[in-house]
Amino acid sequence: MNIRIGNGYDIHRLTTDRKLILGGVDIPHTHGLLGHSDADALTHAIMDALLGALSLGDIGGYFPPSDPQWAGADSQVLLKQVHQLVRDRGWHISNIDSVVIAERPKLKPHISAMRDRLATTLTIAPEQIGIKATTHEKLGPLGREEGIAAYAVALLQK
Ligand code: MG
C-alpha cells in the first residue's frame, strides 16, 4: 500500500461584521474571520494538507485572492475541488487530524457539527476526521483574539 502525508496551516484575522465559519459551520460569535473567501481557516488548512500530501502546491495557487471569482466563496466548494484533484490521481483519504487555535468562542460544542460537515463534503466518515480545539493561553496575537489559526495533517492511501 502506498501512503502519503501532508500538513497544512492557516490563519485569518478576526473582525466585526463577518460570520465565523470553521469547518463549514456557522458559529455564533461577536467576530468573524476576514478573508477573500468565507475565510474558513480550518477548511483551508485541510485543503493545504491534502495538496501537500501529493506535492500539488497550495491553495493560493488554485484559488488566488486576486481572482474575483473566489470572493465570498464557500470553502466547502473549494475543498471539494481539492479533493477531486486527489481522487483524480487515484488517492483516498485515510484520515485527517487538525487543531484549531481560538481564544474564544468555545469550539467544543461545535466540533461534532464540523466533523459531520467536512465528512459530508469529502464523502468520508466523521470518524476519519479529528478536530481538536485549544486556546493560546492569552499569549500573542491569537491569545489577544486578533485571529484564529488551524493546523491539519492528512494521510492518503492508494
Ligand atoms: Mg485561508
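The values are calculated or read from the model by the stated rules, or taken from the named source; none is laboratory data. From a predicted model like this one, the values you see are computed outputs, not experimental measurements. Cβ placement follows ideal geometry from the backbone for every residue including glycine, while neighbour counts extend to all protein chains displayed. For accessibility, only protein heavy atoms count, side chains too; no ligands or nucleic acids. Shrake-Rupley method; radii C 1.70, N 1.55, O 1.52, S 1.80 Å.
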Exposure rank, largest accessible area first [92, 136, 110; 1.4 Å]: 92, 136, 110
Residue 85 accessible area, assembled protein chains, probe 1.4 Å, Å²: 40
Pairs of alpha carbons in the chain whose separation is greater than 23 Å (percent): 32
Accessible area of the chain divided out per residue, in Å², using a probe of 1.4 angstrom: 50
Relative contact order [Cα under 8 Å, 6+ residues apart], segment 39-92, whole percent: 41
Antiparallel content of DSSP bridges confined to segment 39-158, in %, to 5: 60
Length-normalised contact order for segment 3-157 - Cα pairs under 8 Å, 6+ apart - percent: 34
Theoretical ellipticity at 222 nm over the chain - DSSP helices of four or more residues, -39500 (n - 2.57) apiece, nearest 500: -8500 deg cm²/dmol
Set of lysines with alpha-carbon distance to residue 108 below 23 Å, sequence-local pairs under 8 removed: 19, 132, 138
Evaluated at q = 0.13, 0.23 Å⁻¹: base-10 log I(q)/I(0), Debye formula over Cα of segment 59-132: -0.48, -1.14
Heavy atoms of residue 117: accessible area, 1.4 Å probe, square angstrom to 10: 90
Projected label distance in nm at residue 58 and residue 71, using a 7 Å step from Cα toward the beta-carbon: 2.4
